[in-house]
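A short worksheet on the structure shown next.
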Amino acid sequence: MFGRRRGNGSEGTVTGRYMIKAGIIGATGYAGGELARLLLQREDVEVVWYGSRSYVDKKYASIYQNMFRLVEADCLDDNMKELAKEADVIFTATPQGLCASLVDEEILSQTKIIDLSADFRIKDVSVYEKWYKLEHKAPQFIAEAVYGLPEINREQVKKARLVANPGCFPTCSFLAVYPLVKAGLIDTDTLIIDAKSGTSGAGRGTKVDSLFCEVNENIKAYGVASHRHTPEIEEQLSYAAGHPVTISFTPHLVPMNRGILVTAYASLAKEASEEEIRAAYAACYGEEYFVRVLEPGVVPQTRWVEGSNFADVNVVLDPRTKRVVMMGAIDNMVKGAAGQAIQNMNLMFGLPENAGLKQVPIFP
């Protein structure tokens, strides 16, 4: 039942009783824990490596008690060279810079990598180094890395050996505004994106700003005019628009565990009716499983996507100001991180895109 697929022209598909062997580096962070939770529900995936530099040789279930009696494995280190010999796919849910410091041609010749950090999302290495304050350790792989937003780059993801999983804010922001940018219906110079995120987006590390007493009964803007997801959003929207796009992006921290809500504003580039605007969303997402265009008048809410890989979007035309309001909601841990990574894995291995990701949103 187990064993790695090699040669015979069968790469990229899963057939018969073959099981995908997956490794997670950064398995004890929130995104890594969510990867483990989702992958463990599948009968076609075996997690062979729970990597965590901080907890080497400790029981994984002692870090995440929800894994008690479900995972007996100990945490291992971040030895990607060794892991590449065992795994068909490696997920790196690690801080910026780590994946780029570990990956090389030998590793990529043996396994596929889905990187949940920003190391390969931005094509201009100077932009990455400016915003992330890091020297890029593997710029030779940036060009081939596929930006892993399946709704846009599905065919490229299918053929990729290195996927740059999008950030949570960029995923929600892009899906909310993409149809009107692509259709040329909004003036991108007027685009303002206001985003709100739960505290899990800040990661599991101890930070004063993430403490309960700091977050509870409070809401605040952060990274004002400086958030490092800004160039990622701009780059992807520029591809959609066919010209450079510069945005105003402001994230806010709200006192909840999960979820991102985006509200974006832009002026119309030309006269358009609400029917024409909604038609642009139908054209982009009418066949998409995970992007749900809501009925007119229904606003996206984080509670209706929590625990799922769905993205709810909607749009309203304000005829008084000739502006449109574009809205989106996702679970930042699922569609914004682990779920989207698994969606990409499914494409890379020739599986149904929603395999293992049909979880109905949790409520209450």
### Query
Any idea which residue in the stretch 42-54 is surrounded by the most Cβ atoms within 10 Å (Cβ to Cβ), counting only those that are under 14 Å from ALA93 (Cβ atoms) and modelled with pLDDT of 95 or more?
TYR50
### Message
Looking for something surrounded by 14 or more Cβ atoms within 10 Å (Cβ to Cβ), over 18 Å from VAL334 (Cα atoms), in contact with a strand residue (DSSP E or B) (Cβ under 7 Å, 6 or more places away or on another chain) and in the same structural domain as GLU274 (by TED's automatic domain parsing) - is there at least one such residue anywhere in the stretch 167-178?
### Response
yes
### Query
Could we say that ALA329 is aliphatic (A, V, I, L, M), in contact with a Leu (Cβ under 6 Å, 6 or more places away or on another chain), closer than 23 Å to ALA160 by Cβ and surrounded by 17 or more Cβ atoms within 10 Å (Cβ to Cβ) here?
no
### Task
Kindly indicate whether any position in the stretch 115-129 is out of contact with any helix residue (DSSP H, G or I) (no Cβ under 8 Å at 6 or more places or on another chain) and more than 27 Å from ILE330 (Cβ to Cβ).
yes
## Note on the structure
Expected output for the stretch 338-349 (first residue over 9 Å from VAL157 (Cβ atoms), partner assigned to a helix (DSSP H, G or I) and acidic (Asp, Glu), Cβ below 6 Å, 6+ apart or cross-chain) is ALA338/GLU34
### Task
Would you please name the residue that is surrounded by the most Cβ atoms within 10 Å (Cβ to Cβ), looking only at residues in the stretch 59-83 that are part of a helix (DSSP H, G or I), of a type outside the set (Val, Ile, Thr) and out of contact with any strand residue (DSSP E or B) (no Cβ under 7 Å at 6 or more places or on another chain)?
MET67
### Query
Residues TYR265, TYR289: which one is at pLDDT 95 or above and either farther than 28 Å from HIS227 by Cα or out of contact with any Ser or Thr (no Cβ under 9 Å at 6 or more places or on another chain) (or both)?
TYR289
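The values are calculated or read from the model by the stated rules, or taken from the named source; none is laboratory data. Model, not experiment: these values are computed from the prediction. Because the Cβ atoms are built from the backbone with ideal geometry, glycine has one as well, and the counts that use them run over all protein chains shown.
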